[in-house]
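Reading through the structure tokens given below for one structure.
Every number here is computed from the coordinates shown, using simple stated rules; none is lab data. Here the structure is a predicted model, which means the values were calculated and not measured. Cβ: placed from backbone, ideal geometry, glycine included. Neighbour counts: every protein chain shown.
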Amino acid sequence: MPWYVCNFDIIIVNDQLENVKKLKIVQYQYKPEYLSQHRSLSPGNNQLSSDMPTERTGVIAQDVAKILPDAVYTSRKGQNPFVLESGELVDDVMIVDKDRLFLENIGAVHQLSKISGDLGGRIDDLEKANESVAIRLSRLKRGLSIHSTNSDSSSVNSSVKSTIRKAIVK
């Protein structure tokens with residue numbers, strides 16, 4: 001652990017997927033009068049290429065704050081102002097911490113990975129049960145007794161039932 005980090009705890013991933021599902025992604029445009037006041041956001045500015053689209057994609061800070069309060073910073077001139085490149089202080093602006101959203105997404109991916117792994121196990125169980133049922137059905141179609149080729153028919157029968165029950169219960 002680096003010397004500048006303390007109280008290091010691993011987060012238990014359990015709500016991130018639900019949080020990410022609640023976030024709405026929106027497309028928006030800045031008003032022309034706002035862009036004219038804040039050249040750093042304008043496509044004609046040296047910092048941004050002129051081919052930058054005027055339509056942007058993002059999230060609404062007020063919505064994010066309801067779901068992940070620690071992912072939104074609100075500026076206050078007297079306490080923690082947001083400073084534009086011009087040096088102008090902007091009051092009462094909500095700024096989304098995209099790094100925090102990124103980390104929430106990593107947690108959601110962990111949850112999806114676990115879910116898909118669990119589903120993979122269920123699929124394997126169902127495929128085994130389906131194979132056993134297919135063998136029994138094939139024998140029935142050929143007119144053979146299900147139990148005639150196996151000396152321990154009760155264990156096979158209960159094994160098939162057990163596999164099917166496990167697959168259904170999961």
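Backbone geometry of the range 62-70 corresponds, through the Karplus equation with coefficients 6.51, -1.76 and 1.60 at θ = phi - 60°, to 3J(HN,Hα) couplings of 4, 5, 4, 4, 5, 9, 10, x, 6 Hz, x marking Gly and Pro.
Using a simple spin-label model with pseudo-atoms 7 Å out from Cα toward Cβ, residue 128 and residue 66 lie 4.6 nm apart.
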